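So the structure is just underneath, and the comments pick up after that.
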Amino acid sequence: MDCTANEHIIEEILSFSRKLGRSPLFKGDILFSEPMAPRTTMRVGGNAVALAVPYDAESAVYAACAACMADVPIFVLGGGSNIIVSDRGLAALVISLEKLSGIEYKDGFLCVGSGAKFDLITEFCAKNCLKGLSAFAGLPGTAGGAAYMNARCYGVSFSDLMESVSYVNLDEIFDEKQSLSDFSLANLLKVYHNNGGGWDYKQSPFQSFSSLVLSVQFRVEPLDRNEGNEGLIRSQNEGFIEDRRGKGHFAAPSAGSVFKNDRRFGKPSGQLVDEAGLKGLVVGGAQIAPWHGNFIINNGSATAGDIKSLVEKAQAAVKERTGFTLEPEVIFV
């Protein structure tokens, strides 16, 4: 829903957000008419009517639950690395999980807040000689977003390393309209233990319902500090970062891979776009990267509309040439 929505909905969001900011159960900041472009890796999009930045998990869950109870639309924001925000903005309470960024290691498991970014996670692993997450070094996202999307890097899926996920099922709040007079995170918190079910390429169990991911627990391998292992892990991290840099991942603002790969097509999506002659195609300030057919970049003045137009042109050209329909990985909101 965008900011051209009717004034009644926008006023409801504003009124609710003001009340939320005054609630003793919410610790955090409430920002109004907040620009979304700087909060996404593509650097496009209009303003959010209101944006909440909870300081802790309890406040994040309270904000989401209270909004559900009040029929106020919400959008949960992680690292903003896989989304394209409408040029008209978001008529919703955006809940940013950026403060839920704690990282802790205990007994073979790394527990990470959903808002923790991968540069912090992989640096923590290097300092503490924890092996297992180097393939995600340089990924411009957060643990919660990667769990939701089942991110995949260099042949490793997030679900391959995940032990458990702490989350709240917001659909249950919608359905049951529970009272918040006795609000308790403990009563709402669920833990998903990874048994391999519900996962697939770029798919997770959390996409089947309205979920609020709070933390992720990984299996990692502790290595001896006295055998040069910090340097080894740091070198592995840097190797993956350099490989991403060499492929142009950091050359311009982007949202990462635009289309999912589909084994049935026989070739990666970027190759199909390239063979359709679209690498380098420009619409407005957006461009299909000259070096990679599955990247759309912002040359400085792109709009969400420009990006959507390029996505549609690529889909149409590949469809006409091969009969295959490319499925976007990026999410337009």
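Here region 111-229 is assigned +1 on the Cβ of each Lys and Arg and -1 on the Cβ of each Asp and Glu. Its dipole about the Cα centre then comes out at about 280 debye. Net charge dipole, region 160-317: roughly 620 debye, given to the nearest 20, about the Cα centre with Cβ charges of +1 for Lys and Arg and -1 for Asp and Glu. Applying a DSSP loop filter and a limit of 16 other Cβ atoms within 10 Å to the trypsin sites (Lys or Arg not before Pro) in region 17-57 leaves Lys27. Length gained on full extension, Phe324 to Ser235, computed as 0.36 nm times the residue gap minus the Cα-Cα distance: 28.1 nm. In sequence order, region 30-37 has phi-based couplings of 10, 10, 10, 6, 7, x, 8, 3 Hz under the Karplus curve 6.51 cos²θ - 1.76 cosθ + 1.60, θ = phi - 60°, and Gly or Pro positions carry x.
Output the antiparallel fraction of DSSP beta bridges having both residues in region 38-189, as a percent to the nearest 5. Of the beta bridges lying entirely in region 38-189, close to 45 percent run antiparallel. Sequentially through region 203-212, phi angles give Karplus couplings (6.51, -1.76, 1.60; θ = phi - 60°) of 10, 9, x, 7, 7, 8, 7, 7, 10, 10 Hz, Gly and Pro residues having no value and appearing as x. Each principal axis of the Cα cloud of region 216-311 was taken in turn, and the coordinate range along them, longest first, works out to 54, 35, 27 Å.
Restricting to Cα pairs below 8 Å that are 6+ residues apart, what does the relative contact order work out to for the chain? Please round to a whole percent. For the chain, the relative contact order is 17 percent.
The largest-to-smallest principal axis extents of the Cα set in region 226-268 are 48, 27, 14 Å. With point charges of +1 on the Cβ of Lys and Arg and -1 on the Cβ of Asp and Glu, referenced to the Cα centre of the chain, which listed residue (Cys68, Phe32, Ala151) lies farthest in the positive direction of the dipole? Farthest towards the positive end: Ala151.
If we count every other residue with Cβ under 12 angstrom of Ala37's Cβ, Lys/Arg +1 and Asp/Glu -1, where does the sum land? Before the final figure, lay out each step's value.
Values: positive: Arg39, Arg43; negative: Glu34, Asp87.
Taking every other residue near Ala37 into account, the sum is 0.
Hey, what's the Cα Rg ratio for region 125-217 versus the globular rule of thumb, 2.2 N^0.38 Å? Please report the intermediate quantities before stating the final value.
On the way: Rg = 15.2 Å, N = 93, 2.2 N^0.38 = 12.3 Å.
Cα Rg divided by the expected 2.2 N^0.38 Å: 1.23.
In terms of overall dimensions, the C-alpha atoms belonging to the chain reach 58, 58, 34 Å along their principal axes, ordered largest to smallest.
If R0 is 25 Å, what FRET efficiency do you get for Lys267 and Asn299 from their C-beta distance, rounded to 0.05? Walk me through the numbers on the way to the answer.
Working: r = 27 Å, r/R0 = 1.07.
Once the sixth-power term is evaluated, E becomes 0.40.
Calculate, in nm to one decimal, what Lys127 and Asn169 gain on full extension: separation in residues at 0.36 nm each, minus their alpha carbon distance. Write out the running numbers ahead of the final one.
Details: separation 42, 0.36 × 42 = 15.12 nm, distance 3.44 nm.
Value of the extension gain: 11.7 nm.
Measuring with a 1.4 angstrom probe and ignoring ligands and nucleic acids, Trp199 comes out at about 40 Å² accessible. For Ser101, the shell of other residues with beta-carbons less than 14 Å away shows a net charge of -3, using +1 for Lys and Arg and -1 for Asp and Glu.
Structural size metrics of region 25-137, computed from C-alpha coordinates, are Rg and Dmax of 15.9, 47 Å. Computed on protein heavy atoms with a 1.4 Å probe, the accessible areas place Val156, Val213 in the order Val156, Val213, largest first. The share of accessible area on region 1-127 that comes from carbon and sulfur is 52 percent, using a 1.4 angstrom probe.
Given the pairs Lys279/Lys319; Lys117/Lys319; Lys260/Lys319, which span a C-alpha to C-alpha distance of over 24 angstrom in this model? Table pairs above 24 Å Cα-Cα are Lys117/Lys319.
Accessible surface comparison of His249, His193, probe 1.4 Å, protein chains only, largest first: the order is His193, His249. Using the Karplus relation 6.51 cos²θ - 1.76 cosθ + 1.60 with θ = phi - 60°, the per-residue 3J(HN,Hα) values for region 147-161 come to 5, 4, 8, 6, 4, 9, 9, 6, x, 10, 8, 3, 5, 5, 10 Hz, with x marking Gly and Pro. Modelled this way, with points 7 Å down the Cα-to-C-beta line, the labels at Ser309 and Asn195 are 5.0 nm from one another.
The values are calculated or read from the model by the stated rules, or taken from the named source; none is laboratory data. Since this is a predicted model, take the numbers as computed values, not measurements. So basically every Cβ, Gly included, is an ideal-geometry build from the backbone, and we count neighbours across all protein chains shown. Heavy atoms of the whole protein, side chains included, go into the accessibility calculation; ligands, DNA and RNA do not. Shrake-Rupley method; radii C 1.70, N 1.55, O 1.52, S 1.80 Å.
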